[in-house]
Every structure is written in C-alpha cells, then in structure tokens.
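Asks: Take this structure, written in structure tokens, and hold onto it; I'll ask about it next.
The values are calculated or read from the model by the stated rules, or taken from the named source; none is laboratory data. All values derive from a computational prediction rather than experimental measurement. No Cβ is skipped: glycine too gets one built from the backbone with ideal geometry, and neighbour counts run over all protein chains shown. When the accessible area is computed, the model is the full protein with side chains, heavy atoms only, and any ligands, DNA or RNA have been set aside. Shrake-Rupley method; radii C 1.70, N 1.55, O 1.52, S 1.80 Å.
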Amino acid sequence: MSSINLWGYTEKNFQKEKYPLNETLFALGNGYIGTRGSFEEKSDFGGHDGTFINGFYDYYDLSYGEKYNGYPDRSHAMLNVTNGKKIDIYINNERFSLEKGTIKDYVREIDFKKGILTRRVTWISEKGDEILYESERLVSFYEKHLMISKIRITPLNFDGDIRVVSYLEGDVKNITKENDPRIGVEFHGDELKVLECKIDNNRGEIISKTKSSNLGLICLMANNIKCDDQYDSFYEQNDKSVSHVFNIKAEKNKVIDLEKYIVYKSYKNELNDNLYSEVIGIVEEAFTKKYDFYKQKQKEFIDDFWFNTDILIDGDDATQQGIRFNMFHLLQSVGRDSLTNISAKGLTGEGYEGHYFWDTEIYILPFFLYTNPDIAKQLVNYRYNLLDSARKRAKEMQYKKGALYPWRTINGEECSAYFPAGTAQYHINGDIAYTVCKYVEATNDEEFMVEKGAEILIETARLWLEIGHFNSKGEFHICCVTGPDEYTAIVNNNVYTNLMAANNLHNAYKAAMLLQKKYPAQYKKLIDKINIEESEIDNFEVAANEMYVPYDEHRKLYPQDDSFFDKPKWDFIDSEDKHPLLMHYHPLNIYRAQVCKQADLILAEFLLGGYFDREQKIRDYDYYEKITTHDSSLSTCIFSIMANELGLYDKAYDYFGDSVRTDIDNLHNNTSAGIHTANMAGAWMSIIYGFAGMRVEDGALRFSPHLPNQWNSYRFRVSFQRRIIEVCVTKNNTEFKILHGEPIMIYNEEKSIKVV
Ligand code: BGC
C-alpha cells in the first residue's frame, strides 16, 4: 500500500522550516474567501498569514523615474483582510505554541473530498501539562461568506486552568515589496483602516474600509463553546481587535469544544442597513445550523465537483495526488460570480498581487469549460463585464476604436507598470477572443455569442486594425508587441500574436455575419451601440487573410518574431545556476538573446494546430526546446502536450512530471507566495490534450489517446455540448461512454464513432 494520500495532502511531522510553504499548500478557499493554512495560535515560523477576499483590493500610486503617455498612474492589489482565524490557548498560563514545549504527535491534513483542513497535535507544555489539540477549518462553498473553525482541547494529564481567546484582528498588512518583482506591493500598512470595532449581541464585529478604492468589509465572529467544565466568558477589545475570552476550570480527559463562525462580506461605497442585516442573518443562521450542517453541505458540493472533474490514474499515486491537489485548489480559487476571476496565485498568497492574467483564458478556462462549464461561463462573463474598462484603456493608449484588455488586473484597470513584459502583451485580446469562441463551441451557448461574445470579438478585433498596418505588399503587420515569452520583448510580428490576432479578426467577422443573418435586430442594436461601419467589419476579414507570419525558408523554421533568428543564442552554461534568469540579469541582456522563458511559438502550434503541418511542428519543437528555460511555470505543460502530439512520449511524461507536482513539491521554490494556478490547470491540459490527445475542431470532439508506460490506465470525464462523456484509456483500448445527455459523434484516432 502506498503511503501517499490520494485524496488529500498530509504533513505527518511538524516541519518548522516548511511552515511558509505549508501555509500555501494547506490554504482553503471557496472562490470568495481564501485563507492561508496558518495555525490558529500565534506562531512565528517565518510565515505570512493572510486571508483574502476575491476582488477586494486597494490602489497604490505607481511611480516612475520617467513617466510617458499611457503609463498607468496607479495599480491595485488584493488586500490581506481582517484575521478571523486566530485562537490562542493558555494551559495553566502557558501559551500553546509549537515554538516551545514538546510535540508528541502531530498530523495536519487537507482533505480534497471533504473540503476541510484538520490538525491533531499532542503537546506537552514546558511545565509538563499534556493536551490533545484537534482543529477543523472549513471555508464554505454552500455559504460563500462563511468560514468556520472548530477546535477541541482535551487535557490529558491534569486538572487546571485553560484559557481560550478567540480573536478578530483588524490590524493586518500586506507583504511589502521584496527583492522579487513577482512578490510584494508598494503598500504602507494603512490600506485597510478599521472604522468600527465592537461587541454586540455576543458577537465581535470589525468594519473596515480601504484607503482609496472605496471598498468596505464587514467581518463578524460568533463563538460557541461546549464543555462540561465550569467556565466564564467575556470580551476584550481595543481599536483594532476584539477577542472573546473563555476561562475554563478544566478537568482531565474532559473535552472542550469551540466552534467559531466567521463571516466576511465586502461592499462598495457605504454599508447600509439591509446589507448589515444580511450579514447578521448569515452569522445567526450559521450559529443555529451549526458546523456539522455546513460540513455536510461542503461534502455535497465537492462530491458534485468530483463527479464532473475527477481523473483516475491507476499505477502512479504521486501523479494521482498531484492532479487532485491541483484541481481542488483551482476550485478553491475561482471566482464564480462574473465579477471576480482567478488570480495567478488563487486566493492562497500575495504573489502577483492577486492579479488576473491571460492565465485564465489560455490555461485555466479550458479546465473549467470541459468539466464545469457553468464556472467557465462566469469567467467569460467577467471579461464581458470588463469591456467598458478595456474600451477606456484603448482610449488612454490613444486608439480611436476598440478595446484593449489589461495585461494584469482585478477590477479592469491596467496594473502593469512594466510595459516591455506587461502592457505590450497585446495578445491578451486575442486570447480572450479565442476563448469566447471555444466557450460557445463547447456549450452551444449561442445566446452568449449574440448578447455578449460578438461585442467582445468585434471590439478586440478593432484594436488589431488600430495597432497593425498593411505594408506596401498588402501584408498585415503587427509591430512592437511582446508575445507570451517574457524573455523576448517589443518585437515585430510575433508569430503567436499575429496568428491569435488573425483568429480574433476572422471570428469577429464571422460573428458579425452570424448576427447580421440570423439576429438582425440584435445586430442593429450592436452596430449602433459600438458605432461600427460595415467596411470596418469587411476589413477584419481582409486583415485576417493578409496577416503576415514570418518564416525562415532557409532553416525551415518559424522564428518567434521577425528578428528572433538574428540574435545570438543564450549562453546556457554560464547561466546554469542563475535561474530564473529574471532574478539575475538585466532584462535587456535577456531580450538580446535567443532564450525563452516559456512556450510561445510552441503554444501557437498547440492552440492553432491546424495552421502547421506535423513535420513543421517537429522541427520547431526540436529547436525551441533547446532554448527554453521554463522559468515560467506556464511552460512545461505546453511542451508536454506537444511532445505527446508528436509522439515524443518520454519527453511528454518528463515535462508533465515537472508540471503536475509543481506546488506540492515546491519545484519553483516560490510556492510559499502562492500556488501557480495556470500551471495547475496546465497539468490537467497535459493529461486531457496531451495523453488523451483531445482537440475540439469545427465543433467536434477528437481524441488520440496514449497510455504512458508508468500508468496501468486512466479515466476522466469531459463536459461537452450539454453532455458528460467518460473516457477510459487502458493498455488495449479506449472506451467512451455518455454519462449524461444525448449520444454524440466524436472522432477517435481519426475514426468517427458514436458514443452512447
Ligand atoms: C509569466 C506570464 C504569466 C504570469 C502570471 C509570468 O511568469 O511569464 O506568462 O501570465 O507569470 O502567471
């Protein structure tokens, strides 16, 4: 029997040095609240405790040595909010803490089926008092504003005083700028100001307000103690924190249970009576229904998720655990209200400031689209809701028409202060457009296309006409952009960007034609709203058809962009111990050489596979593999998928191995700052698009399955056009089965089959 926990992640002995990392790995979330896996009791093991609310941020001014037109004036970042987790325990006046005393037994576990975090410690104080400490923590999927902590203390060898102090702490700060461009913010610690801190009706309350984004947060706690011992209880408070204190005359072997209900609700502008009553209602209901009710609901929600989502891998437990860990964290991180999204680090840490990137569309959305399409719909709706900000951003950049989506954002405003590897990544427009079409294709949600999708496609397409030009030969060129590879910046005709732009332009034209023919009233409404002429729409198709894509006839290779092959190759030997390169070299030194941070051309060959023939893909793969560092966690999954497509099965498995356990094994050495959500979904893609060879082309599902040598079999489910299809790949064959919905025609290894 393997010792790997297939449905969870376990820490069997307390590892002090891994505390910051484990704060991330044991983080809980429900897409609205996210909280790091820090201990309840005050501990100093070098971690960064944090609780976050998706979409809750404050602004900070961006300062530049030299500021040019169109540089954003300010950025915003996800805030660390009121700490509701903290509970301290004093055993005969000695504070329970793993920093001292003796740990006799310890186990901490996050359970992917139950959606809870548990810890069990037998601890002996310095004076010799022994207790059993057990805790459970849940961030509710059923009631998104609710988090519950449950602790149980059992005195094992003494009668005496036990004091339990349950806090709400409003004095919280974000991590300030560290020497890593990926972590930390220009915050000063006064971004979330406590307006009111009070005790009311046996509840603690903290109301806070952001310094400049005009967002408010109300946080309540209610504690319920159950014990047969005698106790008294009272509250203490200061300007920024409230605590509920219980003094217990504990008796040996008698348990003390405390359930703590914590409610978070964010709001815009002012707190009104209705909202306040709503929040009180949530905490009162929780107090009445009790923990076990929410624990049961949590399980039901997660059971549904796994029904659609689970991948069963027979023969490779480490991978089995890794992929479930990833899928579970993706669920915990994703905003499901169309006003929030999924950040690069989910809700597990402050890396990348809680920003949403193209990671959503190109990496994460496919995972939800083919497992939980309702969530995918919320993610595309989010982009629609941002369209006005994107139009505004296009104007700020002096474009007359169209929309430019922000490279990184929470609320729709561009947060990127570094344009070469940020703002210049205009491919974000093409990525969003690509995904809008994939969403409609996989769900048949034509209503979305008519009401929202066409508008996104047309507004993003307009921008390509603004920034690109027809040269004297009539070719459409796009200059001065950065493609996905952030080690090559500000180039002309990046192949990925140009092809995604062509796809965007073509699909905008197609959407306009669809509306014109089938939905003339909506078409009229749309062209009036965005003030577009038919000639402009025709021009989309011309630009798409004339899109220039550089090609090196001599080498028979695609250069990543016009000048890529003119650059010298990077010295990989010299930089062997200097990864990621971005932490060791000035960006210009990197930009000047042929070196890639991540898949760029290879990603284009995956997403727009029909454009390239197989031989071409093999040549390009061979070339780009040698010059790619994979310093970005978004890279190896794409190399794995393409290796599978090209029959390079050992490579496919190796790259997949780098991706599937990136966080659980801390392979990038920075998981303490948060999980890598794009990579997590990328690992899912590596199985589904990679090993199983799934593609969706012209509205049809295709598979070309391969079973890695390391596995006996694997099984997964995909949602497609209102069906759930189960795919089971064994050594001898592949079986397809409809679990829900009508039969469907699909392709397996180019052969058309009917799945029933
Ligand atoms: C990658 C980007 C990505 C960002 C956030 C960077 O390291 O190069 O492609 O969007 O991380 O995950």
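Asks: Got a sec? Which of Leu271, Leu258 is within 25 Å of Gly29 (Cα to Cα), at pLDDT below 95 and crowded, with 16+ Cβ neighbours inside 10 Å?
Replies: Working: Leu258 fails: at pLDDT below 95.
Checking each option against the conditions leaves just Leu271.
Asks: From (1) within 16 Å of the ligand (Cβ to nearest atom); (2) open to solvent by 10 Å² or more (accessible area, probe 1.4 Å), pick out the condition that doesn't hold for Tyr399.
Replies: Unmet condition: (1).
Asks: A further question follows. Confirm whether Leu514 is within 30 Å of Asn670 (Cβ to Cβ) and either part of a helix (DSSP H, G or I) or within 16 Å of the ligand (Cβ to nearest atom) (or both).
Replies: On the way: within 30 Å of Asn670 (Cβ to Cβ): no; either part of a helix (DSSP H, G or I) or within 16 Å of the ligand (Cβ to nearest atom) (or both): yes.
Judged against the criteria, Leu514 is not a match.
Asks: Under 6 Å between Cβ atoms, at least 6 apart or on separate chains: pull out the pairs that start in the range 509-523 with a residue that is free of Cβ contacts under 8 Å to residues at least 24 places away in the same chain and end on any residue that is of a type in the set (Phe, Trp, Tyr) and part of a helix (DSSP H, G or I).
Replies: Pairs found: Gln516/Tyr523.
Asks: Same structure again: Being within 16 Å of the ligand (Cβ to nearest atom) and open to solvent by 10 Å² or more (accessible area, probe 1.4 Å) is the filter here; which residues of the range 361-390 pass it?
Replies: Our first condition is that a residue be within 16 Å of the ligand (Cβ to nearest atom); within the range 361-390, this holds for 361-367, 379, 383.
Of everything in the range 361-390, just one residue is within 16 Å of the ligand (Cβ to nearest atom) and open to solvent by 10 Å² or more (accessible area, probe 1.4 Å), namely Pro366.
Asks: A further question on this structure: For the range 50-67, which positions are closer than 18 Å to Glu413 by Cβ and part of a loop (DSSP other than H, G, I, E, B)?
Replies: Passing the criteria: Asn54, Gly55, Phe56, Leu62, Ser63, Tyr64, Lys67.
Asks: Looking at this structure, is Asp620 open to solvent by 10 Å² or more (accessible area, probe 1.4 Å), out of contact with any His (no Cβ under 9 Å at 6 or more places or on another chain) and away from the ligand (no atom under 16 Å from the Cβ)?
Replies: Details: open to solvent by 10 Å² or more (accessible area, probe 1.4 Å): no; out of contact with any His (no Cβ under 9 Å at 6 or more places or on another chain): yes; away from the ligand (no atom under 16 Å from the Cβ): yes.
When the stated conditions are applied, Asp620 does not pass them.
Asks: Can you name every residue in the range 346-360 that is near the ligand (Cβ under 8 Å from one of its atoms) and open to solvent by less than 10 Å² (accessible area, probe 1.4 Å)? Full working, then the answer.
Replies: Going through the range 346-360, the residues near the ligand (Cβ under 8 Å from one of its atoms) turn out to be 352, 355, 357-359.
Of everything in the range 346-360, those that are near the ligand (Cβ under 8 Å from one of its atoms) and open to solvent by less than 10 Å² (accessible area, probe 1.4 Å) turn out to be His355, Trp358.
Asks: Among the residues of the range 713-739, write down those that are surrounded by 15 or more Cβ atoms within 10 Å (Cβ to Cβ) and not in a strand (DSSP E or B). Spell out how you get there, then give the answer.
Replies: Taking the range 713-739 as the starting set, the residues that turn out to be surrounded by 15 or more Cβ atoms within 10 Å (Cβ to Cβ) are 713-721, 723-730, 734, 736, 738.
The answer is Gln721, Thr730.
Asks: Only one residue in Phe612, Phe656 is in contact with a helix residue (DSSP H, G or I) (Cβ under 6 Å, 6 or more places away or on another chain), modelled with pLDDT of 95 or more and closer than 19 Å to Asp561 by Cβ. Which one? Even if it seems obvious, please write down each step before you answer.
Replies: Numbers: Phe656 fails: closer than 19 Å to Asp561 by Cβ.
Going through Phe612, Phe656 in turn, just one is in contact with a helix residue (DSSP H, G or I) (Cβ under 6 Å, 6 or more places away or on another chain), modelled with pLDDT of 95 or more and closer than 19 Å to Asp561 by Cβ: Phe612.
Asks: Turning to a different aspect of this structure: If you scan the range 665-689, which residues turn out to be more than 12 Å from the ligand (Cβ to nearest atom), farther than 21 Å from Tyr714 by Cα and open to solvent by less than 10 Å² (accessible area, probe 1.4 Å)?
Replies: Step one: list which residues in the range 665-689 are more than 12 Å from the ligand (Cβ to nearest atom), which gives 665-667, 669, 671-672, 683-689.
Add one more test, that the residue is farther than 21 Å from Tyr714 by Cα, and what stays is 665-667, 669, 671-672.
Result: Thr671, single match.
Asks: Might you let me know whether the range 419-440 holds any residue that is of a type in the set (D, E, K, R) and away from the ligand (no atom under 14 Å from the Cβ)? Before you say what the answer is, go through the steps one by one.
Replies: Initially, the range 419-440 is screened for residues of a type in the set (D, E, K, R), giving 431, 438.
So of that shortlist, the ones also away from the ligand (no atom under 14 Å from the Cβ) come out as 438.
For the range 419-440, residues of a type in the set (D, E, K, R) and away from the ligand (no atom under 14 Å from the Cβ): present.
Asks: Also, quick follow-up: Could you list all residues from the range 416-436 that are over 18 Å from Leu499 (Cα atoms), open to solvent by 10 Å² or more (accessible area, probe 1.4 Å) and not β-branched (Val, Ile, Thr)?
Replies: The first filter runs over the range 416-436 and keeps only residues over 18 Å from Leu499 (Cα atoms), leaving 416-423.
Applying the additional criterion that residues be open to solvent by 10 Å² or more (accessible area, probe 1.4 Å) yields 417-421, 423.
Those that are over 18 Å from Leu499 (Cα atoms), open to solvent by 10 Å² or more (accessible area, probe 1.4 Å) and not β-branched (Val, Ile, Thr): Ala417, Tyr418, Phe419, Pro420, Ala421.
Asks: Do we find that Asp88 is closer than 23 Å to Phe246 by Cβ, open to solvent by less than 30 Å² (accessible area, probe 1.4 Å) and assigned to a strand (DSSP E or B) in this structure?
Replies: On the way: closer than 23 Å to Phe246 by Cβ: yes; open to solvent by less than 30 Å² (accessible area, probe 1.4 Å): yes; assigned to a strand (DSSP E or B): yes.
When the stated conditions are applied, Asp88 passes them.
Asks: So, Lys240, is that one open to solvent by 80 Å² or more (accessible area, probe 1.4 Å), in contact with a Gly (Cβ under 7 Å, 6 or more places away or on another chain) and not acidic (Asp, Glu) or not?
Replies: Values: open to solvent by 80 Å² or more (accessible area, probe 1.4 Å): yes; in contact with a Gly (Cβ under 7 Å, 6 or more places away or on another chain): yes; not acidic (Asp, Glu): yes.
Considered against the rule, which asks whether it is open to solvent by 80 Å² or more (accessible area, probe 1.4 Å), in contact with a Gly (Cβ under 7 Å, 6 or more places away or on another chain) and not acidic (Asp, Glu), Lys240 comes out as yes.
Yes/no matrix, rows are residues, columns are (1) of a type in the set (A, V, I, L, M, F, W, C); (2) open to solvent by 20 Å² or more (accessible area, probe 1.4 Å):
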| residue | (1), (2) |
| --- | --- |
| Tyr264 | no, no |
| Lys289 | no, yes |
| Lys297 | no, yes |
| Phe301 | yes, yes |
| Ala318 | yes, yes |
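Asks: Any chance the range 678-698 includes a residue that's under 28 Å from the mean Cα position of the chain (by Cα), part of a strand (DSSP E or B) and hydroxyl-bearing (Ser, Thr, Tyr)?
Replies: Looking only at the range 678-698, we keep the residues that are under 28 Å from the mean Cα position of the chain (by Cα), and these are 678-697.
Imposing the further condition that a residue be part of a strand (DSSP E or B) reduces the set to 695-697.
From the residues that got through so far, the ones that are hydroxyl-bearing (Ser, Thr, Tyr) too are none.
Checking the range 678-698: not a single residue is under 28 Å from the mean Cα position of the chain (by Cα), part of a strand (DSSP E or B) and hydroxyl-bearing (Ser, Thr, Tyr).
Asks: Out of (1) open to solvent by less than 20 Å² (accessible area, probe 1.4 Å); (2) more than 16 Å from the ligand (Cβ to nearest atom), the odd one out for Met547 is which?
Replies: Condition (1) is where Met547 drops out.
Asks: So for the range 626-633 (the condition being within 16 Å of the ligand (Cβ to nearest atom), part of a helix (DSSP H, G or I) and not β-branched (Val, Ile, Thr)), does at least one residue qualify? Even if it seems obvious, please write down each step before you answer.
Replies: If we filter the range 626-633 for residues that are within 16 Å of the ligand (Cβ to nearest atom), which is where we start, we get 627-633.
The next check asks that each one be part of a helix (DSSP H, G or I); those that pass are none.
Checking the range 626-633: not a single residue is within 16 Å of the ligand (Cβ to nearest atom), part of a helix (DSSP H, G or I) and not β-branched (Val, Ile, Thr).
Asks: Is it the case that the range 461-481 has a residue that's under 17 Å from Leu601 (Cα atoms), within 15 Å of the ligand (Cβ to nearest atom) and not in a helix (DSSP H, G or I)?
Replies: Checked the range 461-481: at least one residue is under 17 Å from Leu601 (Cα atoms), within 15 Å of the ligand (Cβ to nearest atom) and not in a helix (DSSP H, G or I).
Matching residues to (1) open to solvent by 30 Å² or more (accessible area, probe 1.4 Å); (2) part of a strand (DSSP E or B); (3) in the same structural domain as Glu353 (by TED's automatic domain parsing):
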| residue | (1), (2), (3) |
| --- | --- |
| Tyr167 | yes, yes, no |
| Asp171 | yes, no, no |
| Ile183 | no, no, no |
| Gly189 | no, no, no |
